[in-house]
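Chemist: So that we are looking at the same thing, I have put the structure below in structure tokens.
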Amino acid sequence: MADVSAVPLVALSSESKFLLSTLLNPIKCIPTDDGYPRDWRGIADLFSFSGELIPAIASNPDPISFILDVVTKKNPKTVIKDLQIVLEKIERWDVVDDTQPVFVKDAEKYYERMERNETSAEITDNDIDSKMLTVDDLYRVKAGLSIQRYDAFLLSADEDTDFVEQVIEYLEQKHNLKLCIKDRDLISGITFEHTAIMKLISERCNRLIVVLSPNFIKSTANEFFLNYAQAIGIEQNHRKIIPCLYQPCELPPQLKYTLLLDYNRSKLYDFWGRLKDSVRTITNDTLKNDSVNMKGEDVKVNLPEVPSTSTCSLNSETTPTAAKETSTEITKTKSKSKLLSWTKKNLSPKPAPPTNLSSDDSQNDLIKKLPSLEGLDDLESPSISMEKTPKKVKKIKSIKACAKKIKSFVIKS
């Protein structure tokens, strides 16, 4: 049983006040042994109401309710136990017994309310609240995480729920992809639904799965979101829309030159596998890992094999790890030596082919064999016997030109 000694009169319910008014408003002629009236007049006397207020109370249609309102305003700390003591003094034991159950009920409600009021609602942060678009955002922000991103936003007609359920079951439950569905994920009470969906498509969903059907084509809202997603894809320069033809219909103009996933032709190819691969995104880390693996494979193929008998042979006590490291060092050494030998062979400068007049010694010998200055004019005489080959004729002409230059230098000096 709840303790009424700490429950203020303010906690009295309308049911309790109505019961008190019914029992105490009627006038009782016989007073108590102490001279207190056994009705509302005794209550007013014991709560120290002055005589000037008695006429005002008497003229009120509900004197007890008036008295209780004045008491709670004058002294808010007055509790239900004080009222029970006053009832005992005016010897209204019947009222004490009849009101005890409703007083206990009021006390229980009061304690429940006080316990509930120990925690207060948090102040709304407008910046954070404006970013809360889906139910997932609420849980993630409470856990200290960032707002939810989705692999794809699913756009469909309301009549195509059967196919939409299949898509959700396959992508989310079997392949752990995160989809955003308007009726399931959006928070209720968003003022502008179209604005929220546009923000989700452009900023927080990697793809837009479009379930095409005659019912989808009829919706102007779906047409608007489709045009918006196409513009976002062009602006961001990436593949945004994944069209899935669920039922035959006239394709929108913006999708006539786009590759479709036709559900009605699923016997020709794996429709669900293609849909899963189309939704998934490839990160930069995946591309880096793939490129590293490809480079590693190329190196592994091009490296020469390690011969079975080598100068650095492994003994039987060598661990597998040490053997692997030693084998790698030997392979690197062999590759390096082959590279150096190839460089020396192909890139080293080649000696110039020998010619009769290329070296200084040959030129000096030629100058020594030249005739004296007095006989320079006789160079054309038949004393110089040479075979008249084209190469020798060219050499003779060059020698004559050189002799003339030397003669001109001597004459000037």
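No lab work stands behind these numbers, since they all come straight from the coordinates. Note that the structure is predicted; figures quoted are calculated from it, not measured. As a convention, Cβ positions derive from the backbone with ideal geometry for all residues, glycine included, and neighbour counts pool all protein chains shown.
Chemist: Mind checking the full-extension length gain between residue 14 and residue 258? Use 0.36 nm per residue of separation minus the Cα-Cα distance, one decimal, nm. Each step should come with its number before you reach the end.
Modeler: Working: separation 244, 0.36 × 244 = 87.84 nm, distance 7.00 nm.
This chain segment gains 80.8 nm when fully extended.
Chemist: In nm, to one decimal, how far is the modelled label at residue 72 from the one at residue 399, with both set 7 Å along Cα→Cβ?
Modeler: Those two pseudo-labels are separated by 14.2 nm.
Chemist: Highest mean first, what order results for 42-52, 142-152 on Cβ atoms within 10 Å? Working shown, then result.
Modeler: Numbers: 42-52: 15.7, 142-152: 13.8.
Averaged packing, sorted descending, gives the order 42-52, 142-152.
Chemist: Next question, about the same structure. Using a 7 Å offset from the Cα along the Cα-to-Cβ direction at both residue 138 and residue 269, what is the distance between the two label points in nm, to one decimal?
Modeler: My value for the distance between the label points is 4.1 nm.
Chemist: So which of 131/256; 77/105; 28/77 end up more than 26 Å apart by C-alpha? Spell out each step's value before the answer.
Modeler: Numbers: 131/256 35 Å; 77/105 19 Å; 28/77 29 Å.
Listed pairs above 26 Å: 131/256; 28/77.
Chemist: If R0 is 45 Å, what FRET efficiency do you get for residue 276 and residue 123 from their C-beta distance, rounded to 0.05?
Modeler: Details: r = 44 Å, r/R0 = 0.97.
The computed FRET efficiency comes out at 0.55.
Chemist: Could you run the Karplus curve 6.51 cos²θ - 1.76 cosθ + 1.60 with θ = phi - 60° over region 268-282 and give me ³J(HN,Hα) per residue in whole Hz, x for Gly and Pro?
Modeler: Those phi angles translate into 7, 7, 7, 4, 5, x, 5, 5, 4, 5, 6, 6, 5, 10, 9 Hz.
Chemist: Along the positive direction of the dipole of region 30-187 (beta-carbon charges: Lys, Arg +1; Asp, Glu -1; about the Cα centre), which of 95, 51, 157 reaches farthest?
Modeler: 51
Chemist: Ranked from highest to lowest mean number of other Cβ atoms within 10 Å per residue, what is the order of the peptides 160-167, 16-23, 109-116?
Modeler: Ranked by mean Cβ neighbours within 10 Å, highest first: 16-23, 160-167, 109-116.
Chemist: OK, next. Quick one: if you stick a label point 7 Å off each Cα along the C-beta vector at residue 190 and residue 96, how many nm between them?
Modeler: 6.3
Chemist: Additional query: Please work out the C-alpha center-to-center distance from region 76-121 to region 141-168 and express it in whole Å.
Modeler: Centre-to-centre (Cα) distance: 52 Å.
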